[in-house]
Structures are given as structure tokens and as C-alpha cells.
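This report concerns only the one structure given below.
The values are calculated or read from the model by the stated rules, or taken from the named source; none is laboratory data. Only a predicted model underlies this, so the values are computations on that prediction, with no experimental measurement involved. Glycine gets a Cβ as well: all are built from the backbone with ideal geometry, and neighbour counts include every protein chain shown.
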């Protein structure tokens, strides 16, 4: 994120607003992803159940994909 921000600053100094806008878009997408991962981790940390119980497989897989998705 820092590299995108630093590069956006350079692009703005060079009057390359389209490139700066791309970097700012990347920052927005990355912070959204970080927020999603953080919420998933917080939800996981709050769960104190020890007994096995049925789960909705789709939501489990979707949560795993969010955590493992690479960009």
C-alpha cells in the first residue's frame, strides 16, 4: 500500500493523473480486502465453541477463499 501511495505522489508531481488514479484505486481495493480479512479473523477469534456442529459449507469455503485469495 505504501508503494502505491508513494508512486501516486510521484505521478501527481509529474502531472500523470491517470496513473495516480490507478494507484489510488489499487489502494482502495487493498484496504477493502484487508478489512474483509480482518473481520474474518475477528469472527474466527470470537468463536469459543469446542463441540463439533454442522456448518454451511458454502460460507466456510467463501471465507477460506477470502483469506487465501492472492493478488
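Among the candidates 18, 5, 43, the residue that is in contact with a helix residue (DSSP H, G or I) (Cβ under 9 Å, 6 or more places away or on another chain), surrounded by fewer than 10 Cβ atoms within 10 Å (Cβ to Cβ) and either part of a helix (DSSP H, G or I) or touching a residue at least 24 places away in the same chain (Cβ under 8 Å) (or both) is uniquely 18.
Every residue, every condition in (1) in a helix (DSSP H, G or I); (2) on the phi > 0 side of the Ramachandran plot; (3) touching a helix residue (DSSP H, G or I) at 6+ places or on another chain (Cβ under 6 Å); (4) modelled with pLDDT of 85 or more, yes or no:
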{"position": "12", "(1), (2), (3), (4)": "yes, no, yes, yes"}
{"position": "23", "(1), (2), (3), (4)": "yes, no, yes, yes"}
{"position": "31", "(1), (2), (3), (4)": "yes, no, no, yes"}
{"position": "63", "(1), (2), (3), (4)": "yes, no, yes, no"}
